[in-house]
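The values are calculated or read from the model by the stated rules, or taken from the named source; none is laboratory data. This one's a predicted model, so the numbers in the text were calculated from it and none came from an experiment. Cβ: placed from backbone, ideal geometry, glycine included. Neighbour counts: every protein chain shown. Surface areas here come from the heavy atoms of the whole protein model, side chains and all, with no ligands, DNA or RNA. Shrake-Rupley method; radii C 1.70, N 1.55, O 1.52, S 1.80 Å.
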Amino acid sequence: MKKILVATDFSNCAKNGMEYAMELAKVLKVEICVIHAIGSTEGVNNNIYNALYIEDYYKNKKESLKEWADTFKESDTFKDVEISTVCEVGTVSKVISEYIQSNPIELLVMGTMGSTGIAGLFGSNAHTMIEKTKVPTLIIPLESKFSNNPIITLATDFSTELSIEDSNGLNDLIAASKAEKLNVLNIIEGVQWKKNEAGEESLKKLIHATEIEFNYVNEDKTIEGIMNFIVSSKTDILCLVKRHHNVVYRIFNRSTVNQVMNKSIKAVLILHE
């Protein structure tokens, strides 16, 4: 059975990401695995532990992780959500990547403070994981909450096509959350507006869990146009396809966009071509 993988460092951001993931797991009827990376020098030569007691330190960390994860099952709402924990030594990216390689992961969830620009909004660890893994990655800014019947917007320039795996994942999310439609915001380069019929038909073949509403905005007016659309549509989850040189990534790397995004976007889902 596929799982949602939730990264934690026991921070408030991680706690909020876990709460969001629990809601998702209940809707998608999947298990959750909570993963924590212990730094290779963590627990050595500090005021409490030293190298002689490093194994005890690791053991305590694993127990703390399980206790932390178990707190999220105290509510009757989530009593049927299965949770497992993994605690390994290494960098965050190494520990998560190795687990993903050997386990069927549906989605990686990471909480973040939010900031400016793509790298800043996602935080350094989340940004690294987006670069290293092909698993859909859901970024949850602090204080963002799961929405029933979420409004989902996919921003695209049709220069990339979703992978089959990510298309299936997006269909599952749409169907399970009973989203009424998928908003597709097509960003056009150049001054002339032209409907991309081929791009629309290609996307319709991949996304079949709901109806698709296509919208267009010219790149010359992109910042204002995208932000107005996101705010007016009350987007809960903004989907981006990872490809650094396409117009979408160029736009969402601008700090002015993210200043608005931090106030209006509840989650960002990174998909892959």
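Observations
- Criterion violated by residue 208 - all others in (1) touching a residue at least 60 places away in the same chain (Cβ under 8 Å); (2) more than 17 Å from residue 233 (Cα to Cα); (3) not basic (Lys, Arg) satisfied: (1)
- Residue count for region 214-273, restricted to those that are open to solvent by 20 Å² or more (accessible area, probe 1.4 Å), assigned to a loop (DSSP other than H, G, I, E, B) and at pLDDT 80 or above: 1
- Restricting region 20-33 to residues that are assigned to a helix (DSSP H, G or I) and over 20 Å from residue 87 (Cβ atoms), the residue that is most open to solvent (accessible area, probe 1.4 Å) is 26.
- Of all the numbered requirements in (1) over 17 Å from the mean Cα position of the chain (by Cα); (2) surrounded by fewer than 19 Cβ atoms within 10 Å (Cβ to Cβ), residue 183 misses one, and that requirement is (2).
- Residue check: residue 170 meets all listed conditions (1) under 22 Å from residue 133 (Cα atoms); (2) open to solvent by 10 Å² or more (accessible area, probe 1.4 Å); (3) modelled with pLDDT of 85 or more but one, namely (2).
- Strands (runs of 3 or more DSSP E) within region 59-151 that include 3 or more residues under 17 Å from residue 28 (Cα atoms) and either open to solvent by less than 80 Å² (accessible area, probe 1.4 Å) or modelled with pLDDT of 90 or more (or both): 105-112
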